[in-house]
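Colleague: Quick one: the structure is below, and I'll ask about it shortly.
What follows draws every value from the coordinates through simple rules; no lab data is involved. All values derive from a computational prediction rather than experimental measurement. So basically every Cβ, Gly included, is an ideal-geometry build from the backbone, and we count neighbours across all protein chains shown.
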Amino acid sequence: MPELPEVEVVRAGLAPAVTGATILGADVLDSRALTRHVGDPASFEAAVTGRRVISAARRGKFLWLPLVEGRVDGRVDGRADDGGAGGAGEEEAIVAHLGMSGQLLLRSPGAAAERHERIRLHIAHPDHGELAVVFADQRTFGSLAVDRLVATGDGAPGGRGTDAAATPSQVAHIARDPLDPAFSDTGFRARLARTSSAIKRVLLDQTVVSGIGNIYADESLWAARIHPETAADSLSTRAVNRLLDEVRIVLERALAEGGTSFDAQYVNVNGQAGYFAHSLRAYGRTGEPCLRCGRPIVRVSFTNRSSHYCAHCQRRPR
DNA sequence: GGAATAACCTGGATGC
DNA sequence: TGCATCCAGGTTATTC
């Protein structure tokens, strides 16, 4: 399930291959992969063909490739082109969300179709030559779209991988993630103080803090010794700070290990799985001993999801 | 307006 | 062996 570390691994793998590349064409094999795109497959293909990618950016679980006009031979036509990352030339981007099972893969030109392949971008890079960027998605919760860029509200860069203070419009409502230098700890604490919702629900709310999904919410709460159903506004400042620290530690560790892979649902751009599944301490360990106290990890149903925690270390609030 | 819930989707696992 | 059901969960529309 691609969460922040998995999406960041994909972004980092994609960036050197797509930055500066020109899109030669696109094949939309399944229009369901365009649920966030305004227009039909033909309009998507027309919107990306002939344009140049200037970076690979990410906020939370959203990934985008800012576009400028540009041809294979480097000649620029039509709209403004600032010739580099960031600046006034950025008006649109290909925005991607991997959903539950989406993958962005780099393949050689003419490579056989991937299982569940939905969209293929044909690109030409000045150094790497021609490549294919394949969007494959088993459960079709993910999507690509061409979207306009809008200025960030705080004037800071839109996300990791870009210096431009802009995000796609459909990402504008997504909060910054805890690894973003512009993330406001103060704002996060204030937001928690205003809601009595369960802390896990708040962690999963991408408008409060982005990039955290079910796996890393369980892992962070276990590490911070906080019960997932604790009311957010009942947490002390000290507890919130501890939680933020643990969220960052968990995300950084997962990132260093290449993300969490279950049944090859998530892979990097080369099709390789991450290793963090071996380091999980709560998620998916139902019945196994807690690594702190030895008591069994329990699993409960929580808002159509599963929550995994230690009932001894993470005491249920009164 | 904020909070909670259902729906979307596919394929592997499980039970009969 | 084959069929039916359950489960996984990110986002968003709908309902309360």
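Colleague: Counting only C-alpha contacts under 8 Å and six or more residues apart, can you give the relative contact order of the range A:179-318 as a whole percent? All intermediate terms of the calculation are to be shown ahead of the outcome.
Modeller: Working: 200 pairs, mean separation 31.5, N = 140.
Across the range A:179-318, relative contact order equals 22 percent.
Colleague: Once you have a ≥ b ≥ c as the square roots of the Cα gyration tensor eigenvalues for the range A:175-314, tell me rounded if a/c is under 1.5, and otherwise prolate or oblate according to whether a/b is larger than b/c.
Modeller: oblate
Colleague: Each label point is 7 Å from the Cα along the Cα-to-Cβ direction; what then is the distance between the points at A:T286 and A:D40, in nm?
Modeller: Using points 7 Å along Cα→Cβ, the separation is 4.6 nm.
Colleague: Sequence-distant or interchain residues sharing an amide H contact under 5 Å with A:S55, placed H: which?
Modeller: A:G20
Colleague: Among A:W222, A:W64, what is the fewest-to-most ranking by other Cβ atoms within 10 Å? Walk me through the numbers on the way to the answer.
Modeller: Values: A:W222 26, A:W64 30.
Ascending Cβ contact count within 10 Å gives the list A:W222, A:W64.
Colleague: Give the span of the range A:106-203's Cα atoms along each principal axis, as three whole-Å numbers ordered largest to smallest.
Modeller: 54, 31, 22
Colleague: Pop the C-beta distance of A:S234 and A:A12 into the FRET formula with R0 = 35 Å and round what comes out to the nearest 0.05.
Modeller: Details: r = 38 Å, r/R0 = 1.08.
Working from the Cβ atoms, E equals 0.40.
Colleague: With the crude spin-label approximation of a point 7 Å out along Cα→Cβ, what separation in nm comes out for A:R115 versus A:R295?
Modeller: If labels sit at A:R115 and A:R295, their model points lie 4.1 nm apart.
Colleague: Would you kindly state how much longer the chain becomes between A:T303 and A:S169 on full extension, computed as 0.36 nm times their sequence separation minus their alpha carbon distance, in nm to one decimal? Kindly include the intermediate steps, with their values, before the conclusion.
Modeller: Values: separation 134, 0.36 × 134 = 48.24 nm, distance 2.81 nm.
Answer, rounded to one decimal: 45.4 nm.
Colleague: Also, quick follow-up: Two decimals is fine: what is log10 I(q)/I(0) at q = 0.17, 0.28 Å⁻¹ for the range A:206-282, from a Debye sum with one equal scatterer on every Cα and no solvent?
Modeller: Taking Cα atoms of the range A:206-282 as identical point scatterers yields -0.69, -1.40.
Colleague: I'd like the antiparallel share, as a percent to the nearest 5, of DSSP beta bridges with both residues in the range A:191-318.
Modeller: Details: 8 of 9 bridges.
Percent antiparallel among DSSP bridges in the range A:191-318 is about 90.
Colleague: Label point 7 Å out from A:R148 along Cα-to-Cβ: which residues of the range A:93-114 have amide N under 17 Å?
Modeller: Of the residues in the range A:93-114, A:93-95 have backbone N under 17 Å from the label point off A:R148.
Colleague: Give, in nm to one decimal, the length gained when the segment between A:N241 and A:A311 is fully stretched (0.36 nm per residue of separation minus the Cα-Cα distance). Please list the in-between numbers first.
Modeller: Values: separation 70, 0.36 × 70 = 25.20 nm, distance 2.17 nm.
Residue separation times 0.36 nm, minus the Cα-Cα distance, leaves 23.0 nm.
Colleague: Relative contact order for chain A: what is it in percent, counting Cα pairs under 8 Å that are at least 6 residues apart? Mind dumping the intermediate values first?
Modeller: Numbers: 719 pairs, mean separation 56.9, N = 318.
Relative contact order, chain A: 18 percent.
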